[in-house]
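Okay, so here's the structure we're looking at.
The values are calculated or read from the model by the stated rules, or taken from the named source; none is laboratory data. Quick caveat: nothing in here was measured; it's all calculated off a predicted structure. Cβ atoms come from the backbone with ideal geometry, glycine included; neighbour counts cover every protein chain shown.
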Amino acid sequence: MKDLFKHIRGDAFGGITAGIVALPLALAFGVSSGLGPSAGLYGAIFISFFAALFGGTNTQISGPTAPMTAVSMVIIAGIIAANDGSVEKALPAILTVFLLAGIMQIGLGAMGLGKYIRYIPYPVVSGFMTAIGVIILVTQVLPSIGYYPKEDEAYVETFKPEAEEVILENILKEEAAEDILVLEDFKETIARAEQITQEDILKESQTLAAQNASGVLGALKVLPRALQNINWLELILALCTIFIIYGFRRITTAIPSTLVALVVMSAVAIIAGLDYRPIPEIPQGLPEFKSEIFTSFSLGSLTPYIFTALTLSLLGAIDSLLTSVVADNMTKTKHKPNKELVGQGIGNSIAAMFGGIPGAGATIRTVVNINSGGKTRLSGMIAGVLLFVILLAVAPLASRIPAAVLAGILITVGIGVMDYKGLRAIPSLPKDIKLGPLKLSSEVLIMMVVLILSSFWDLVYAVGIGLVIASLMFMKKIGDLTARSSGVIPLKEETWSDEYIFPEKFAEEVFIKHLKGPLFFGSTSDFQALTLQIPVTASYVILRLERMPYMDQSGLYAMEDMLLELKGRDTEVLFVSLLEQPRYMMERIDIIPDLIPEEHIFKSFDDCVKWINANVEDKY
């Protein structure tokens, strides 16, 4: 009973802390998505609670995340544009896509596909995450300086001719659908066209202006115009928010700096009576069930978005399971990937039915939960309940939050979500391919292709193209290596012939492990389990590497993580017969000599045994 109380106390503190961290992010992601702060808050409430209740990672905190919001933002903008710029008209279709994505996630888990997420190569994930940061960063520049394209009258005016064309085209489509379009007689068309008002043209022009300025390319196109129309009050609010977020972290990390920035800047703006732009109003009371998802459902209208829903569900699966791996490493537990996908799918499905944006496992919130004492799924449920209470209690007050403050928060999110580890490694990675006269790193090429295509074209297609390129390059490398070593007879998992000379007295102190085959993105999951095989009595680990011909970037970081963990346990690692390519990779990021000094690298097993005899003490 005492242990149970200990868990409840830790879960309560972890859940409350994670919920507080989630609040400003949920509001910011909701505004960024285009559906408003309430959509972000509803997503955080339902996904956090139900993903924790039904999921397979005990300490995971779920909710809207940067990658899911970036993809959702594109989907929402596209569907709104297809519905004459009306959020109200587009909402059933948007939420249906989100619901379908959640159902697909449940299907992925039910079919046992969660374990295959590990086959996503590191450069693809790195390029994608950095692209998410770029998208958020660039798209939030406009609201942070108080510029909204659809409110710039001169800019909107330039779209009026195109707006008239679009309206006329819509009339013709309506007549064709009603079977009243007669090419010889346009009387009905003319009659309908005469009913078009200047207000209709203005509304369509605003829609086109907002659409033209959306995304990274759109934001960059209107940036020169935005810089000529800076709202200095909004800019100061955003800059002060960013300053507080980074500055407060230097003082303490016990209190979330994003929450401090949100509260302080909102209080200053409200108390000082500043003429700022608030976020869209958050409805007070219980979230409404969106029955129009089902009453307005038609298979024909949904068909174009099936692939979109699938990609959103896959992204949520990847995002969640990567966070589950982080939670496993911190808690020394093992998550259930398929159950986690089912839980995420249930959470996203329920959130969609109440107007929430989709989400996934959130790394920062999960880490905060674990560090604050969260140990079971109760912590995630408590985080969801806390956000629900906040919704009921302070919705009117939250509706007065300055939009520029949330833009400032999102800018720091964009900066933080980028994969700096992968970016720093770019100069160090070996140039192993040739494109004409140029020598390039295949890992860097994949990362940059995904980064550029994701930022300026399409997130989903970019990941698909990155996976295809990574697979083709991997197959070529493995094919080349296999061709060079085709005469080698595969060895069974048993003691190798030269190991019979190993002194029996050191059986407890020294653990011998054979690594056979390439260490690449498809094998890192099993490799990471290596440390679990090592007995607690072992002070030394011998890694026999003569049959590990190749190591990619994913394998390189998996090796680094394992060596760091063993170093933390005061366990020395000895390399035997390290081959040229893996050695080159490890030298590039200083695994050799920082973690493995030259005196711990042996050409043969006999040399290693001699060193063991001279340096290891028989303790058992």
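What is the residue count in segment 583-606 for residues that are more than 36 Å from the chain's Cα centre (by Cα) and not in a loop (DSSP other than H, G, I, E, B)?
Residues that pass the stated criteria total 7.
Please verify whether segment 419-434 includes one or more residues that are farther than 28 Å from residue 586 by Cβ and either outside the structural domain of residue 363 (by TED's automatic domain parsing) or β-branched (Val, Ile, Thr) (or both).
No, because not a single residue in segment 419-434 is farther than 28 Å from residue 586 by Cβ and either outside the structural domain of residue 363 (by TED's automatic domain parsing) or β-branched (Val, Ile, Thr) (or both).
Search segment 79-106 for residues being charged (D, E, K, R) and assigned to a helix (DSSP H, G or I), and hand back the single one that is surrounded by the fewest Cβ atoms within 10 Å (Cβ to Cβ).
88
Okay, residues lined up against (1) surrounded by fewer than 22 Cβ atoms within 10 Å (Cβ to Cβ); (2) free of Cβ contacts under 8 Å to residues at least 12 places away in the same chain; (3) farther than 17 Å from residue 135 by Cβ; (4) not acidic (Asp, Glu):
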{"position": "397", "(1), (2), (3), (4)": "yes, yes, yes, yes"}
{"position": "416", "(1), (2), (3), (4)": "yes, no, no, yes"}
{"position": "423", "(1), (2), (3), (4)": "yes, no, no, yes"}
{"position": "428", "(1), (2), (3), (4)": "yes, no, yes, yes"}
{"position": "431", "(1), (2), (3), (4)": "yes, yes, yes, yes"}
{"position": "436", "(1), (2), (3), (4)": "yes, yes, yes, yes"}
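Give me the residue from segment 285-308 that is loosely packed, with under 14 Cβ neighbours inside 10 Å and in a loop (DSSP other than H, G, I, E, B) and, out of that set, modelled with the lowest pLDDT.
297
Would segment 260-278 turn up any residue that is surrounded by 19 or more Cβ atoms within 10 Å (Cβ to Cβ), closer than 22 Å to residue 32 by Cβ and at pLDDT below 85?
no
Just need a number here: residues in segment 503-520 that are surrounded by 18 or more Cβ atoms within 10 Å (Cβ to Cβ) and either at pLDDT below 80 or not aliphatic (A, V, I, L, M) (or both).
6
Look at residue 456 and say whether it is at pLDDT 85 or above, outside the structural domain of residue 121 (by TED's automatic domain parsing), aromatic (Phe, Trp, Tyr) and out of contact with any strand residue (DSSP E or B) (no Cβ under 8 Å at 6 or more places or on another chain).
yes
For segment 230-259, what are the residues that are modelled with pLDDT under 90 and not in a helix (DSSP H, G or I)?
252, 253, 254, 255, 256
Starting from segment 539-566, keep only residues that are in contact (Cβ under 8 Å) with a residue 12 or more places away in the chain, then list their pairs with residues that are in a loop (DSSP other than H, G, I, E, B) and among the charged types (D, E, K, R) whose Cβ atoms are within a distance under 8 Å, requiring at least 6 positions of separation or different chains.
From residues that are in contact (Cβ under 8 Å) with a residue 12 or more places away in the chain, the pairs are 539/509; 539/570; 539/619; 540/509.
Anything in segment 372-429 that is among the hydrophobic types (A, V, I, L, M, F, W, C) and assigned to a loop (DSSP other than H, G, I, E, B)? List them, or say none.
Hits for segment 372-429 are 401, 418, 425, 426, 429.
Kindly list the number of the only condition in (1) closer than 23 Å to residue 99 by Cβ; (2) assigned to a helix (DSSP H, G or I) that fails for residue 35.
(2)
Out of segment 36-48, which residues are aromatic (Phe, Trp, Tyr) and more than 10 Å from residue 346 (Cα to Cα)?
Listed by number, the list holds a single entry, 42.
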